[in-house]
1. Scan region 182-204 and tell me whether some residue there is under 16 Å from the mean Cα position of the chain (by Cα) and of a type in the set (Phe, Trp, Tyr).
2. Quick one: in region 209-243, which of the residues that are more than 16 Å from the chain's Cα centre (by Cα) and either crowded, with 23+ Cβ neighbours inside 10 Å or in contact (Cβ under 8 Å) with a residue 24 or more places away in the chain (or both) is nearest to residue 442 (Cα to Cα)?
3. Do we have residue 116 as under 20 Å from the mean Cα position of the chain (by Cα), under 28 Å from residue 212 (Cα atoms), open to solvent by 10 Å² or more (accessible area, probe 1.4 Å) and modelled with pLDDT under 95 here?
4. Taking the stated definitions as given, is residue 346 of a type outside the set (D, E, K, R) and either closer than 22 Å to residue 249 by Cα or open to solvent by 60 Å² or more (accessible area, probe 1.4 Å) (or both)?
5. Looking at 336, 324, which one is over 23 Å from residue 82 (Cα atoms), part of a loop (DSSP other than H, G, I, E, B) and at pLDDT below 95?
6. Modelled with pLDDT of 90 or more and under 30 Å from residue 388 (Cα atoms): does that describe residue 139?
7. Among the residues of region 127-160, how many are more than 23 Å from residue 260 (Cα to Cα) and without any contact (Cβ under 8 Å) to a residue 60 or more places away in the chain?
8. Check 260, 285 and return the single one that is crowded, with 22+ Cβ neighbours inside 10 Å and touching a residue at least 12 places away in the same chain (Cβ under 8 Å).
Amino acid sequence: MERLERVLIANRGEIAVRIIKACRSLGLKPVLAVSEADRESLGARLAERTICIGPPPAHASYLKPDAIVAAALGTGCQAVHPGYGFLAENAAFAEACAEKGLIFVGPSPATIAQVGDKLAARQMAKEANLPTIPGSSAIGSPDEAETLAAKMGYPVILKAAGGGGGRGMFVAQGPDDLGRRFENASGEADAAFGDGTLYMERYIPNARHIEVQILADRHGNVVDLGERDCSAQRRYQKVVEEAPAPDLPETIRQELRDAAVRLARHIDYQNAGTVEFLYDAGSHAFFFIEMNARVQVEHPVSEMVTGVDIVQEQLRIADGAALSVETAAVETVGLSGHAIECRINAESPDDGFAPQPGRITLWRPPEGDGIRLDSHLQSGDDVPPFYDSMIGKLIVHGADRAQALARMADALARFEVEGIKTNIPLQRFLIGHEDFARGAINIRWLEDVLLPAYQTRAV
């Protein structure tokens, strides 16, 4: 590394541990910013140094730009890695880092702002000749929404212009529920993002969620690391991801990858990013929906099938180096085998997915060929009640999808957690379902098919 020596990690949990390991692999010194609740976390034990930035609630610690910038400067860091969530896609935070001479491990503040505005992102996708779902510009009232929906045709989906992660998204099947959905979406968007602006798109009932991982440096190199299928979702939150996407025509697969690279080049994107699409399995058409300007939760499945360490590449790019991926010149990386990731959450599917904070009395993850666990927990650790419920990511790799499915089923069966409830039983049920085995699911499948079957299963 040329300029970097010490990196502040402005995050927690498994992604903090993941970044610490990447830093150490590159000879960098990781410093971890922690809330009071995370002083004794695994990340705190692994980092070279920790610095407390505030009380447990995220708004008083992990979401305080000034505190994080001060922590970076006070510990002699040259860069800040935001991970995902919290301030990872906050353009003002990236700008605040730049103003103090800190390297933000991600794209430029201008790029973050551009892709973070979903309406602006739709426009840039059109300029790059990517297909977009028929939709509207900003909508100012329920009456305006009804007029537009009548022209567009029902069902429609309302989306937050400044949001992501499934917040502020509601489907309206007809004019009778559009007004109520508009108020719900606007209120949720305002609460989550401080902006209640909505736009509307035609809703695609049989849609799959497919995304393409890209890497780009400041030297003009752009490469894609293949696509991921993230269609197993609950309330627009991903539950299982895999790479490559199953049952996808090869021509569509290549068109998706080409489109992602084309968009990254069009906006002069730098660092890691993900271009997300909806794929209509009936018509074999795909549509751009958004671009995420950060590392994704599901990045390990792309790493497993390409052999590329995405977080290390992020740090190299931020330091001004060219991509180390040998095939960057041809804009594509070959894939090897198949990988699946199951998100392990501290929640109880049998109790309405209620969060399950508490002390883990036994944490015995599976081990073996092709098995990887990204987590920050060990036996005796506490799961605090202040943050997202994800406590780990179980990833498997196989020579093909059949072997990967078998390995995941076996790994989930051997994953022992006591002291709190987790969603492992649901994940086992999902992986063993014949629809998932055939790759015959869409983004509504988990809620409409799997959960009813799970709730009536024989126990």
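The values are calculated or read from the model by the stated rules, or taken from the named source; none is laboratory data. Just so it is clear, the model here is predicted, and its values are computed rather than measured. Here the Cβ is made from the backbone with ideal geometry for all residues, glycine too, and neighbour counts use every protein chain on show. For accessibility, only protein heavy atoms count, side chains too; no ligands or nucleic acids. Shrake-Rupley method; radii C 1.70, N 1.55, O 1.52, S 1.80 Å.
1. Within region 182-204, the subset under 16 Å from the mean Cα position of the chain (by Cα) is none.
Scanning region 182-204, I find no residue that is under 16 Å from the mean Cα position of the chain (by Cα) and of a type in the set (Phe, Trp, Tyr), so the answer is no.
2. Among them, the one singled out is 224.
3. For residue 116, the condition - under 20 Å from the mean Cα position of the chain (by Cα), under 28 Å from residue 212 (Cα atoms), open to solvent by 10 Å² or more (accessible area, probe 1.4 Å) and modelled with pLDDT under 95 - is met.
4. So residue 346 fails the test.
5. 336
6. no
7. 19
8. Answer to the check: 260.
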